[in-house]
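The structure under discussion appears below in the form of structure tokens.
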Amino acid sequence: QVQLVESGGGLVQAGGSLRLSCAASGSIFSINGTGWYRQAPGKQRELVAASTSGGSTNYADSVKGRFTISRDNAKNTVYLQMNSLKPEDTAVYYCNVQLVRLGSPWRYDYWGQGTQVTVSS
């Protein structure tokens, strides 16, 4: 089985920074695509940042230049560095990982449990 554990959320003032982590553990052969999503109260979940196994990245217009997605393949961990945070960044953030499990040819989709990010003005 595979688990994703998120950490790093919290309360920060506008203009501050946070780094979210998403650690995958279990029977992992390889991690392919990764992504971070967020959901604010009363709103739909939206893609914040994504990366491919080849290193390509994609960001929502609202976070371009402020957020950076990265990964440490040796640790099976994905990060989201968030700088210059704004009150509108307040949401629950979820990591998403597409990976291949040991002993299986298929690619599976996993989600983290979510971590709250609150930005005060």
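Residue-by-condition table, conditions (1) under 17 Å from residue 75 (Cβ atoms); (2) aliphatic (A, V, I, L, M); (3) touching a Gly at 6+ places or on another chain (Cβ under 8 Å); (4) open to solvent by less than 60 Å² (accessible area, probe 1.4 Å):
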site	(1), (2), (3), (4)
2	yes, yes, yes, yes
20	yes, yes, yes, yes
24	yes, yes, no, yes
44	no, no, no, no
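Is it true that residue 54 is exposed (fewer than 14 other Cβ atoms within 10 Å of the Cβ) and either among the small types (Gly, Ala, Ser) or part of a strand (DSSP E or B) (or both)? It is true that residue 54 is exposed (fewer than 14 other Cβ atoms within 10 Å of the Cβ) and either among the small types (Gly, Ala, Ser) or part of a strand (DSSP E or B) (or both). Filtering the range 33-51 to residues that are assigned to a strand (DSSP E or B) and over 14 Å from residue 69 (Cα atoms) leaves 39, 46. Note on the range 62-89: residues that are part of a loop (DSSP other than H, G, I, E, B), open to solvent by 40 Å² or more (accessible area, probe 1.4 Å) and under 13 Å from residue 48 (Cα atoms) amount to 3. If the condition is being closer than 22 Å to residue 110 by Cβ and among the acidic types (Asp, Glu), then the range 40-98 contributes 46, 72. Considering (1) assigned to a strand (DSSP E or B); (2) polar (S, T, N, Q); (3) out of contact with any Lys or Arg (no Cβ under 8 Å at 6 or more places or on another chain); (4) at pLDDT below 95, the lone condition that residue 104 does not fulfil carries the number (1). Pairing each residue of the range 92-121 that is in contact (Cβ under 8 Å) with a residue 60 or more places away in the chain and closer than 18 Å to residue 42 by Cα with any residue that is surrounded by 16 or more Cβ atoms within 10 Å (Cβ to Cβ) and among the aromatic types (Phe, Trp, Tyr), provided the two are 6+ apart or on different chains, yields C-beta distances under 7 Å for 93/36; 94/37; 114/93; 114/94; 115/93; 117/93. In the range 4-18, the qualifying residues are those that are part of a strand (DSSP E or B) and surrounded by 15 or more Cβ atoms within 10 Å (Cβ to Cβ), and the one that is farthest from the chain's Cα centre (by Cα) is 12.
The values are calculated or read from the model by the stated rules, or taken from the named source; none is laboratory data. Computed from a predicted model, the values in this text were never measured in an experiment. As a convention, Cβ positions derive from the backbone with ideal geometry for all residues, glycine included, and neighbour counts pool all protein chains shown. The accessibility values were calculated without ligands, DNA or RNA, using every heavy atom of the protein model including side chains. Shrake-Rupley method; radii C 1.70, N 1.55, O 1.52, S 1.80 Å.
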